[in-house]
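Single-structure report; data block below.
Every number here is computed from the coordinates shown, using simple stated rules; none is lab data. Note that the structure is a prediction, hence the values are computed from the model and not measured. Heads up, the Cβs are rebuilt from the backbone with ideal geometry, glycines too, and the neighbour counts pull from every protein chain shown.
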Amino acid sequence: MTTKELIKKAENTHLLSKDEIVKILKDEASSEDLFVAADMVRKKYVGDKVHLRALIEFSNICKNNCHYCGLRRDNKNIARYRMNEDTIYKLAEHAVKNMGFKTIVLQSGEDLFFDSDKLCSVIKRIKTLDTALTLSIGEKTLDEYKAYKQAGADRFLLRIETTDKNLYERYDPDMSWKTRIECIRNIGIAGMEIGSGVLVGLPEQTIESYADDILFFKKINADMIGIGPFIPHPDTPLKNAEGGKFDLALKVMALTRLLLPDINIPATTAMETLAPNGQTIALQSGANVIMPNVTLAQYRKHYELYPGKSSTNITADEGLKAVKDKIASIGREIATDYGFHQKKSC
Ligand code: 5AD
Ligand code: SF4
């Protein structure tokens, strides 16, 4: 089959083999066809509504040392912070009551200060508001995931980062790829929606490995997949790496939409950082979610996973307005529901 025919096949059946995915990813001439197909599938399965999730980065303290990440524990060039429960709750309350968000995302490094009791307390408080709640706080035990669910958490994001075991363990020292997979499985067992995803453009990541990534998303029955280009951070061991390419990350995202047609896919901040209008282009190539940052600027500037991420020059309200304008400019609407994964039979 030609690449064009393979894209059509994916658009209609949502099935491709690894070799077929590789062929599409390698064929630069048919990128545009791929983006158009992903946009059609997005429209057919999840519609024109864009779900907004308010991101609160409540602690930048992390026990891990991922080679690509600015929050890694060996980076001594950032000021570490940890919000208290009242601050977290007040940010969430403002986002829900005054800004109209229907999902709060609590994100942090792997900060051991926030044990189950502390997390469950803040989860319960936020769930008194009219909102869905997503956690993005790293690897935990099954019992902890169950406790979060019990307290009211609806979803949990844990990217696999790369399905290439050797690369994963090279760039995430002290971390085990098998444990990561186990954690992702446990999120589902605990009853939360499963969010995962990968980086695109780590040194030595291959096209074949992106194909494995996409098939992995299908295998774990992901509810949400975030894909972001890797952007080198100057205070990390990968500071001299070349970094990810916007178009390749977009292609991995578009193929994810073709193979998992009804899931939620964010237009990631890393896409916007790498290309002007990156998020708008992503919204037109398969994405249906944006996660505006509502963290106060005084904290946000210290949550630098990669350079250029934090847009500290604008307030949360200005950021939200910019996102709303983007959505309106491409004829899309903002969703007013909680934005759970609506499973459709393909
Ligand atoms: N570039 C892009 N994304 C990054 N992340 C961490 N470091 C970087 C970087 N340098 C992503 C990881 C993590 C998420 C919270 O941020 O994929 O899961
Ligand atoms: Fe910590 Fe996550 Fe950064 Fe790794 S990617 S160092 S776990 S914050």
Since residue 173 meets every condition but one in (1) within 16 Å of ligand 1 (Cβ to nearest atom); (2) buried (at least 17 other Cβ atoms within 10 Å of the Cβ); (3) in a loop (DSSP other than H, G, I, E, B), which condition does it not meet? (2)
Quick check on my filter: what residues within the range 259-316 are assigned to a loop (DSSP other than H, G, I, E, B) and within 13 Å of ligand 1 (Cβ to nearest atom)? 268, 291, 303, 304, 305, 306, 307, 308, 309, 310
Could you figure out which of (1) within 16 Å of ligand 2 (Cβ to nearest atom); (2) in a helix (DSSP H, G or I); (3) without any contact (Cβ under 8 Å) to a residue 60 or more places away in the chain; (4) more than 17 Å from the chain's Cα centre (by Cα) isn't true of residue 187? (4)
Just need a number here: residues in the range 54-68 that are within 26 Å of residue 122 (Cα to Cα) and of a type outside the set (Gly, Ala, Ser). 9
With respect to the numbered conditions (1) part of a strand (DSSP E or B); (2) in contact with a Gly (Cβ under 9 Å, 6 or more places away or on another chain); (3) within 16 Å of ligand 1 (Cβ to nearest atom), which one is the sole condition not fulfilled by residue 77? (1)
Residues located in the range 9-26, provided they are outside any helix (DSSP H, G or I) and among the hydroxyl-bearing types (Ser, Thr, Tyr): 17
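Here's the yes/no breakdown for (1) over 17 Å from residue 341 (Cβ atoms); (2) within 16 Å of ligand 2 (Cβ to nearest atom):
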{"site": "215", "(1), (2)": "yes, no"}
{"site": "229", "(1), (2)": "yes, yes"}
{"site": "264", "(1), (2)": "no, no"}
{"site": "274", "(1), (2)": "yes, no"}
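Just to be sure before I move on: is residue 33 of a type outside the set (A, V, I, L, M, F, W, C), crowded, with 18+ Cβ neighbours inside 10 Å and more than 16 Å from ligand 1 (Cβ to nearest atom) in the structure I sent?
yes
Does residue 179 count as of a type in the set (S, T, N, Q) and either free of Cβ contacts under 8 Å to residues at least 12 places away in the same chain or over 22 Å from residue 62 (Cβ atoms) (or both)?
No; evaluated as a whole, the condition is false for this residue.
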Among the residues of the range 132-170 satisfying the criterion of being over 19 Å from the mean Cα position of the chain (by Cα) and in a loop (DSSP other than H, G, I, E, B), which is surrounded by the fewest Cβ atoms within 10 Å (Cβ to Cβ)? 141
Can you confirm whether the range 40-53 contains a residue that is small (Gly, Ala, Ser) and on the phi < 0 side of the Ramachandran plot? no
